[in-house]
Amino acid sequence: MLDDLYQELILDHSRHPHHYGDLPGSTHSAHGHNPLCGDELFVYLVIENARIQNIRFQGEGCAISKASASLMTDELIGKTLQEARILFQEFHELLTQEKDQFDHLVKAQALRGVREFPVRVKCATLAWHTFEAALKEQAAEITTE
Amino acid sequence: MDIAQQFPLLNRLVHGRRLVYLDTAATALKPLCVIEAERAYEQEFCANVHRGVHALSEQATREFESARSEVQHFIQAPSTQEIIFTSGTTESINLLAHSYSKAFLKPGDEIWISSLEHHSNLVPWQMAAKYYHCHLKVIPLDHVGEIPFGPTARLLAVTYASNALGVLNPLSSWIAQAKAHGMQVLIDAAQAAVHVPIDVQALGCDFLVFSGHKVYGPTGTGILWGREHLLEQMPPYQMGGDMIESVRFEDTRFAKLPAKFEAGTPNIAGVIGLGEALRWLKVQNHEALTALTQYAREQLLSVPGLRLFGDQPHKMPLWSFLLSDVHPHDISSIVDREGVAIRAGHLCAQPLMQLLGVSALVRASFGLYNTREDVDALVYALHQVRRVFRC
């Protein structure tokens, strides 16, 4: 069970996260924070024509939260916002439902083991919630302009 | 009876393994006598205290007040009038931040805390400082020598021991300096009360607080001790219930100490359990725990890549550490699968984590029921972490 959670792919992503760092010229960004454990995460996006042209993240956290953020960037880059919403939905189902077949998620399925560790679900979803916040933040700005 | 046999919870399995409870600094497991004292109140003489004239209320009041005497002896307080029951350390400090501040703080005053404070002895003073236009000052980590108290320094509010590192603040030197400046002193004994004999008169402090659940008593119980003449000058914190003497629609006369600060119906079962916990605690042998802490130090240092924090000879029976670059939450999840309960995270001391340059720590804290086998189980589990993380 432990080895399902901490499989090689997860450890690799936590040690060598993809799309890690600042993203100058980002059109959307958000700060995610889990006050109970102190994990912090920033997600930066460049969105043009309703498509995620670029994405990066930065932050401190456990192997699960870092690997999840890294895998998320791999899943989301190049996708339309509509596709991103479907991916978020599938990721949510991956962690909360006994479902093993997904049409769109590719690598993030490696986080399936988190299901058996309910207290760690928040670690795995922090990046995705931060991504969602980044989209909403921009939407709010648009409505006020 | 063997001490571990007095703790029913130690018989349960966690993930199919024997429970190894190493999170006593967060809350201590409760001995059977404490559980039994709470049960007896609920089952045999449940009644409200201080108001009934019937037999049950009389018995409940007697047991409740007997717990107050137990606390008085536990901290060597001059009188039971100065012992206020609260819901815990956090409420005790919030009570002070409200009532002490209202009575004594003036704009420009300095409130001093230490770098080791957990959030409960930091945030209430931060808020009080903002509200009363005072300055919140922090004694730097590892500070030795004279503290730069200004002429308006009013209160020194410091922890006896760090919940995150287990190290002790140099209280006698600090209290002497604060007193020389005419300041009042609050000691947060949440971590220390269970391990260090407390004598408020010898310490020379003005207020002292601690929680019941860290001294093997029930959760939702706590103590505020304060010098009578200071408590007398402070306004009540909450209104209603036992804290009144007489009420007219126009005005109210408040009750004398300690009732003045005990509004509403208290946690009667909890307070009775706390009294029992203190009676239990004083007949235990604490020396084995000191030896166990040193054994744990040696065993932990044998784990490759493990780095101890707060490695000092005189400290609380706990060790905080990091293991290679594995995040504390990952460590905690893995050792939990071996039945080992430890704490991981910022330990409610985020400013201290910033000073140490870490985001989180792992903490293994020991209680009177722990054994060398428990330490060995932790070390075995840490080797599992190394296997999973290949470090």
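Taken together, the criteria exclude residue B:267 from residues that are within 24 Å of the chain's Cα centre (by Cα) and at pLDDT below 95. Evaluating residue B:178 against the criteria (1) open to solvent by less than 10 Å² (accessible area, probe 1.4 Å); (2) under 15 Å from the mean Cα position of the chain (by Cα) leaves one unmet condition, (2). Among all positions in region A:13-25, there is no residue which is more than 30 Å from residue B:351 (Cβ to Cβ) and among the hydroxyl-bearing types (Ser, Thr, Tyr). When region B:205-263 is examined, which residues are found to be open to solvent by 50 Å² or more (accessible area, probe 1.4 Å), in contact (Cβ under 8 Å) with a residue 40 or more places away in the chain and more than 12 Å from the chain's Cα centre (by Cα)? Those that are open to solvent by 50 Å² or more (accessible area, probe 1.4 Å), in contact (Cβ under 8 Å) with a residue 40 or more places away in the chain and more than 12 Å from the chain's Cα centre (by Cα): B:227, B:228, B:233, B:237, B:256. Checked against (1) modelled with pLDDT of 95 or more; (2) closer than 24 Å to residue B:88 by Cα, residue B:50 passes all but a single condition, namely (1). Evaluate the following for residue B:60: is it assigned to a helix (DSSP H, G or I) and in contact (Cβ under 8 Å) with a residue 40 or more places away in the chain? It is true that residue B:60 is assigned to a helix (DSSP H, G or I) and in contact (Cβ under 8 Å) with a residue 40 or more places away in the chain. Residues that are farther than 13 Å from residue B:293 by Cβ and aliphatic (A, V, I, L, M) were ranked within region B:367-391; the one that is surrounded by the most Cβ atoms within 10 Å (Cβ to Cβ) is B:382.
The requirement of being open to solvent by less than 20 Å² (accessible area, probe 1.4 Å), more than 11 Å from every other protein chain (Cβ to nearest Cβ) and within 23 Å of residue A:7 (Cα to Cα) is fulfilled somewhere in region B:353-363, by at least one residue. Cβ-Cβ distances below 9 Å connect the following pairs, each with a first residue in region B:326-350 that is of a type outside the set (Gly, Ala, Ser) and assigned to a strand (DSSP E or B), a second residue that is open to solvent by 10 Å² or more (accessible area, probe 1.4 Å) and at pLDDT below 95, and a separation of six or more residues or different chains: B:326/B:391. Just one residue in the set A:71, A:126 is open to solvent by 10 Å² or more (accessible area, probe 1.4 Å) and within 9 Å of the chain's Cα centre (by Cα); that residue is A:126. You will find that of B:25, B:37, the residue that is surrounded by 12 or more Cβ atoms within 10 Å (Cβ to Cβ), in a loop (DSSP other than H, G, I, E, B) and either aliphatic (A, V, I, L, M) or touching a residue at least 24 places away in the same chain (Cβ under 8 Å) (or both) is B:25 and no other.
Helices (runs of 4 or more DSSP H) fully within region B:188-290 that include at least 1 residues being among the acidic types (Asp, Glu): B:228-233, B:268-281.
Evaluating residue B:44 against the criteria (1) open to solvent by 20 Å² or more (accessible area, probe 1.4 Å); (2) under 17 Å from residue B:280 (Cβ atoms); (3) not polar (S, T, N, Q) leaves one unmet condition, (2).
Taking the condition of being farther than 16 Å from residue A:84 by Cα, in contact with a Leu (Cβ under 6 Å, 6 or more places away or on another chain) and open to solvent by 10 Å² or more (accessible area, probe 1.4 Å), how many residues in region A:41-68 meet it? Number satisfying all stated conditions: 1. Pick from region B:339-352 the residues that are closer than 15 Å to residue B:319 by Cα and either more than 10 Å from chain A (Cβ to nearest Cβ) or of a type in the set (Val, Ile, Thr) (or both): which of them is nearest to the chain's Cα centre (by Cα)? Selected residue: B:343. Taken together, B:4, B:60, B:77 contain a single residue that is in contact with a Phe, Trp or Tyr (Cβ under 7 Å, 6 or more places away or on another chain), modelled with pLDDT under 95 and open to solvent by less than 50 Å² (accessible area, probe 1.4 Å), which is B:4. Applying the criterion of being out of contact with any Asp or Glu (no Cβ under 9 Å at 6 or more places or on another chain) and within 14 Å of another protein chain (Cβ to nearest Cβ) to the residues of region B:297-329, the residue that is most open to solvent (accessible area, probe 1.4 Å) is B:325. In this structure, residue B:97 does not satisfy being closer than 20 Å to residue B:233 by Cα, in a loop (DSSP other than H, G, I, E, B) and under 21 Å from the mean Cα position of the chain (by Cα).
The values are calculated or read from the model by the stated rules, or taken from the named source; none is laboratory data. All of these numbers come straight from a predicted model, not from anything done at the bench. Virtual Cβ from ideal backbone geometry, glycine too; neighbours counted across all protein chains shown. For the accessible areas, the whole protein counts, side chains as well, though only heavy atoms, and no ligand, DNA or RNA atoms are used. Shrake-Rupley method; radii C 1.70, N 1.55, O 1.52, S 1.80 Å.
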